[in-house]
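Dropping the structure in here first, questions after.
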Amino acid sequence: MRVLLAAGILMFLLMYPSLASTPVSATIDFHAGVVGSNVLHPGDRKEVTILLSCEVTGGLENLPINENTSAIIPMLTTAKSVVLKPQSSIIRAESGTVVVGDLLCGTARPVNIIVEVDREVYEGRSELSFDVDYSKAVLNFDGQSYKLSFSKQEGRIDVEFEIKNK
């Protein structure tokens, strides 16, 4: 009886491969660094440029590469509608929330922000952290065609600064 049931389930999954397939979406990691000097002084208020980039670290192993899917790879490896939300620390981002837009993995985008450093801070290393909100594409196969949807994601990046007295 069990063999018959297993054979029936296998036949069903072969007839409807969408039930057996898993969605394909990239795992995206973000990186950020300061352009130029990352040295700040107590009481500083200045504009800094951060280079924001992302990379695919997995998730595309099950993507069948052929003439139908190769054109979708750039969409699967793009972080869509990226928004940076600064978190409070001894370095405060006066700019507030920064809308970055779409960011293709493997590319870098400059982001300008105005930072203010607490006057009572000690020398040393400090970080300005950002929560990253974005969407990423998810590819589903329904047995006859591929369907694309988007899922909201969250991440976090830390930008390192060195605090030195003047």
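Can you name every one of the strands (runs of 3 or more DSSP E) wholly within the range 54-166 that holds 3 or more residues which are at pLDDT below 90 and surrounded by fewer than 16 Cβ atoms within 10 Å (Cβ to Cβ)?
Values: elements: 78-86, 91-93, 98-104, 108-117, 124-141, 146-163.
Filter on the range 54-166 gives 146-163.
Residue by residue through the range 27-65, note down the ones that are free of Cβ contacts under 8 Å to residues at least 60 places away in the same chain and either touching a helix residue (DSSP H, G or I) at 6+ places or on another chain (Cβ under 7 Å) or at negative phi (or both).
Matches in the range 27-65: THR27, SER37, SER53, CYS54, GLU55, VAL56, THR57, LEU60, GLU61, ASN62, PRO64, ILE65.
Quick one: is SER21 of a type in the set (S, T, N, Q), touching a strand residue (DSSP E or B) at 6+ places or on another chain (Cβ under 9 Å) and modelled with pLDDT under 80? Step through it out loud before you land on a result.
Working: of a type in the set (S, T, N, Q): yes; touching a strand residue (DSSP E or B) at 6+ places or on another chain (Cβ under 9 Å): yes; modelled with pLDDT under 80: yes.
Judged against the criteria, SER21 is a match.
Search the range 76-91 for residues that are under 30 Å from ARG119 (Cα atoms) and pair each with any residue that is among the charged types (D, E, K, R) and part of a loop (DSSP other than H, G, I, E, B) when their beta-carbon atoms are under 8 Å apart and the residues are at least 6 apart or on different chains.
Qualifying pairs under 8 Å: ILE90/ASP118; ILE91/ASP118.
Which number in (1) closer than 30 Å to ASN165 by Cβ; (2) not in a strand (DSSP E or B) marks the one condition that THR22 misses?
Only one criterion is unmet by THR22, namely (1).
The values are calculated or read from the model by the stated rules, or taken from the named source; none is laboratory data. Owing to the predicted nature of the structure, the values given are computational and were not obtained by experimental measurement. Ideal geometry is used to build each Cβ from the backbone, glycine not excepted, and the neighbour counts take in all protein chains shown.
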